[in-house]
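Heads up: the structure comes next, in structure tokens.
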Amino acid sequence: MSLAWFDLAMVTEGICQEVKRIDTQELKGRVFDIIVVGGGITGAAVAHEAALRGRSVALFEMNDFGSATSAATSKLIHGGLRYLKNGEFGLVRESLRERRILGDIAPNLVEPLRFLIPRYSRRFRKNVPLRLGMWLYDQLSFDKSRVAEPKNRLPRRALFSAAQTLESAPALDSFGLQYAVSYFDYANVNPDRMTMAFLKTACEHGALVANYAKVHSLVRDGNRIVGVQVTDRLTQATYACYGKWIVNCAGPWSDKILNTNQAATARQPVRSEGVHLITSKFRFQDAVAMETDHGDHLMFLPWRGLTIVGPTDKPYTGDPDNYAPTAASVQELIDKVNALLPAEPVGGAFSRSDILFHYGGLRPLVGLDTQQDSYSASRRYEITDYSRQGMPGLICVEGGKYTTSRGLAAQVLDLLMRQSGWPSASQDSSRYVLSPCRVGPYQQFIDDLMTGYESGFQPETISYYARNYGVEAKMILDKAREHPEGREMLTQDGEIMAEVDYVLEHELVYTLDDLLFRRTGIGWMGKPSDEVFRKIAKKLGQRLNWSLADQQRSIVDCLEKRYTLP
Ligand SMILES: Cc1cc2nc3c(=O)[nH]c(=O)nc-3n(C[C@H](O)[C@H](O)[C@H](O)COP(=O)(O)OP(=O)(O)OC[C@H]3O[C@@H](n4cnc5c(N)ncnc54)[C@H](O)[C@@H]3O)c2cc1C
């Protein structure tokens, strides 16, 4: 049975546009129920869950919200078909359940994505486990059509003939191609905006948040952890914030938090690097996942009219503060593409000059034994309550997937509610639509937008904002109506200048990187033109009182950090 819209908790008025930065005056004399360290998707989901359950919560992020691992994903909300190989049925089922929930609570920010797994005669023996795995994946996602939004109901697996496969993915090798198995997961339309949607909903329910606010030590009272010392990286001011529980959601840095003040002895962390490339050299209608000769897999993911290729999976032993995508990972991807796709149909071998953009991040992995490679390591998470180690007040969350963050946050809150004897929750986050996502039936929503903004806007602009911003689309389009210069098109899939003004006003933007990569999506499509760079840096500069030299420096930094291939 599908959920109907009225089964979901819909708040249709008073959309929360604002993420407001913590004012230190608000902290004076306050003891929060929960302090969250880290503003990636895990921290955002924990703050969201806490606020929805009526707990007071403050979140500190040392850089920008969602700027680390959460910005480096394959942009999938998925069950993780390949984890079935490791017998991780529980993890896959949990991920599939969370996938369905995100289809309900973030209806515009996910969309069905068909995957094809091509099978070649020369690798025939490996096909039996695949078919079994596909059957199991379908069984474990038995509730995939119980989603309120019809567009997000997923069909079952199917077989594609070789001809159908090549029609969808003409770049594939036709030699020996027998058929492809097809199944559906969700594309995460915009992970950066989804992290922001969790934060906005948390703020709507009273959470206080700060980006560029680094927790540099834990405050102790005897054994108990009672707060955090924070440095505001914008003003260099240092202050304390007190809480009954500190939840460490620092992802690849979680051991560093534990090591401050020798708070606890952290386990030796295991991190693996994952890099993706973005190209327009080949286009795929559907996502394609292929086994490589190294025993791992490579995905080709259609995204905004381009293709994302990746990821890599290599152990990383350096300091996470110094991480940047490595040349070895970029070269590995180029080699794998050339080993899998024949040069002929795509007009020559894939090379560095075909790369429009690259990005990478670190997976914090748990439970990896020393014999295991990071590729086959589990993507499960662990929640550790340090009371058991004589340090009450501290909870640490490690590992996991973007997909399972809401469920992980619910478990953290269940634990804290039990330990603290807090009354049970008033809102169920699995049925509570995120603030910007309260679009109602999607087809109706998009039809109304298309009619309402027909004059003056390209359909791709309206569609882009409907998907990426949900109900906030209207505010951006209205802004562009008021100020026609806001209609200037910035990307081929419809982003316009009014979006820049909107996020500058409402979303705590402090760097060009925040603006181009995590509020808007302008930077992801390849290097913007010099003129676009200049205009956007000027707008940011006006907001932050930057000189012309500051604006130019921010452009140079961005070019070096983001558009120089290692
Ligand atoms: C290559 C790759 C592809 C992936 N693809 C997918 C996918 O398609 N789907 C999926 O479901 N999952 C995917 N994942 C997994 C997913 O990205 C992670 O599970 C998720 O992003 C982890 O989020 P997080 O908030 O725990 O960590 P992070 O996003 O790293 O957030 C931790 C935050 O803590 C902050 N922090 C650290 N120290 C401090 C401090 N002292 N004070 C304040 N803040 C601090 C950091 O700045 C950081 O922003 C992928 C991972 C990788 C690497």
*Of all the residues that make up segment 426-443, how many are in contact with a Leu (Cβ under 7 Å, 6 or more places away or on another chain) and open to solvent by less than 80 Å² (accessible area, probe 1.4 Å)?*
5
_Between a residue in segment 105-118 that is under 16 Å from Val439 (Cβ atoms) and assigned to a strand (DSSP E or B) and any residue that is at pLDDT below 95 and among the charged types (D, E, K, R), which pairs come within a Cβ distance under 7 Å, given they are 6 or more apart or on different chains?_
none
*Among residues of segment 206-239, those that are in contact (Cβ under 8 Å) with a residue 40 or more places away in the chain and closer than 18 Å to Asp23 by Cβ, counted*: 18
*Mind checking which residues of segment 46-63 are within 12 Å of the ligand (Cβ to nearest atom), in a loop (DSSP other than H, G, I, E, B) and buried (at least 24 other Cβ atoms within 10 Å of the Cβ)?*
Glu61
*Report whether or not Arg157 is over 21 Å from the mean Cα position of the chain (by Cα) and open to solvent by 30 Å² or more (accessible area, probe 1.4 Å).*
yes
*Could you please give the count of residues in segment 321-336 that are within 14 Å of the ligand (Cβ to nearest atom) and surrounded by fewer than 13 Cβ atoms within 10 Å (Cβ to Cβ)?*
3
*If you scan segment 281-296, which residues turn out to be in a strand (DSSP E or B) and open to solvent by 50 Å² or more (accessible area, probe 1.4 Å)?*
Glu291
*Give me a count of the residues in segment 64-83 that are more than 9 Å from the ligand (Cβ to nearest atom) and in a helix (DSSP H, G or I).*
3
*Just one of the numbered conditions (1) closer than 30 Å to Ser217 by Cβ; (2) surrounded by 19 or more Cβ atoms within 10 Å (Cβ to Cβ); (3) within 14 Å of the ligand (Cβ to nearest atom) is not true of Trp245; which one?*
(3)
_Taking the condition of being touching a residue at least 60 places away in the same chain (Cβ under 8 Å) and either under 12 Å from Thr404 (Cβ atoms) or assigned to a loop (DSSP other than H, G, I, E, B) (or both), how many residues in segment 91-104 meet it?_
8
*Looking at Ile522, Ile536, which one is more than 23 Å from Leu234 (Cα to Cα), crowded, with 17+ Cβ neighbours inside 10 Å and in the same structural domain as Phe457 (by TED's automatic domain parsing)?*
Ile522
*Using the structure shown, decide if Gln25 is surrounded by fewer than 24 Cβ atoms within 10 Å (Cβ to Cβ), away from the ligand (no atom under 12 Å from the Cβ), in the same structural domain as Glu398 (by TED's automatic domain parsing) and free of Cβ contacts under 8 Å to residues at least 40 places away in the same chain.*
yes
_If Met194 satisfies all but one of (1) touching a strand residue (DSSP E or B) at 6+ places or on another chain (Cβ under 7 Å); (2) more than 16 Å from the ligand (Cβ to nearest atom); (3) modelled with pLDDT of 95 or more, what's the number of the condition it fails?_
(2)
_Positions within segment 352-407 being more than 10 Å from the ligand (Cβ to nearest atom), modelled with pLDDT of 95 or more and part of a helix (DSSP H, G or I), in sequence order_ = Arg352, Ser353, Asp354, Arg406, Gly407
*Scan segment 542-558 for residues that are within 19 Å of Gly523 (Cα to Cα) and touching a residue at least 12 places away in the same chain (Cβ under 8 Å) and report the count.*
6
*Given the conditions (1) of a type in the set (S, T, N, Q); (2) open to solvent by 10 Å² or more (accessible area, probe 1.4 Å); (3) under 30 Å from Arg562 (Cβ atoms), which single one is not true for Asn108?*
(2)
*Restricting attention to segment 349-361, report how many residues are touching a helix residue (DSSP H, G or I) at 6+ places or on another chain (Cβ under 9 Å) and open to solvent by 20 Å² or more (accessible area, probe 1.4 Å).*
7
*asked:* Given the criteria farther than 25 Å from Leu341 by Cβ, surrounded by fewer than 24 Cβ atoms within 10 Å (Cβ to Cβ), at pLDDT below 95 and away from the ligand (no atom under 16 Å from the Cβ), does Arg125 qualify?
replied: no
*With respect to Thr42, determine if the residue is closer than 25 Å to Arg438 by Cβ, open to solvent by 10 Å² or more (accessible area, probe 1.4 Å) and of a type in the set (Val, Ile, Thr).*
yes
*Which of the residues spanning segment 217-237 are within 13 Å of the ligand (Cβ to nearest atom) and either part of a strand (DSSP E or B) or in contact with a Cys (Cβ under 9 Å, 6 or more places away or on another chain) (or both)?*
Ser217, Leu218, Val228, Gln229, Val230, Thr231, Asp232
_Given (1) at pLDDT 95 or above; (2) more than 15 Å from the ligand (Cβ to nearest atom), identify the lone condition not met by Arg157._
(1)
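A quick yes/no check of all residues on (1) touching a residue at least 60 places away in the same chain (Cβ under 8 Å); (2) over 20 Å from the mean Cα position of the chain (by Cα); (3) not in a helix (DSSP H, G or I):
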position	(1), (2), (3)
Asn259	no, yes, no
Ser272	yes, no, yes
Leu298	no, no, yes
Val330	yes, yes, no
*Which residues, counting only those in segment 444-458, are touching a residue at least 24 places away in the same chain (Cβ under 8 Å) and open to solvent by 60 Å² or more (accessible area, probe 1.4 Å)?*
Gln458
*Residues in segment 303-320 that are of a type in the set (A, V, I, L, M, F, W, C) and within 11 Å of the ligand (Cβ to nearest atom): how many?*
1
_Condition check: more than 11 Å from the ligand (Cβ to nearest atom) and in contact with a helix residue (DSSP H, G or I) (Cβ under 6 Å, 6 or more places away or on another chain). Does Phe300 satisfy that?_
no
*Subset of segment 197-216 [open to solvent by less than 10 Å² (accessible area, probe 1.4 Å), within 13 Å of the ligand (Cβ to nearest atom) and not polar (S, T, N, Q)]*: Phe198, Leu199, Val209, Ala210, Ala213
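The values are calculated or read from the model by the stated rules, or taken from the named source; none is laboratory data. Just so it is clear, the structure is predicted and the values come from calculations on it, not from any experiment. Cβ: placed from backbone, ideal geometry, glycine included. Neighbour counts: every protein chain shown. Side chains are part of the model used for accessible areas, which takes the heavy atoms of the whole protein and leaves out ligands, DNA and RNA. Shrake-Rupley method; radii C 1.70, N 1.55, O 1.52, S 1.80 Å.
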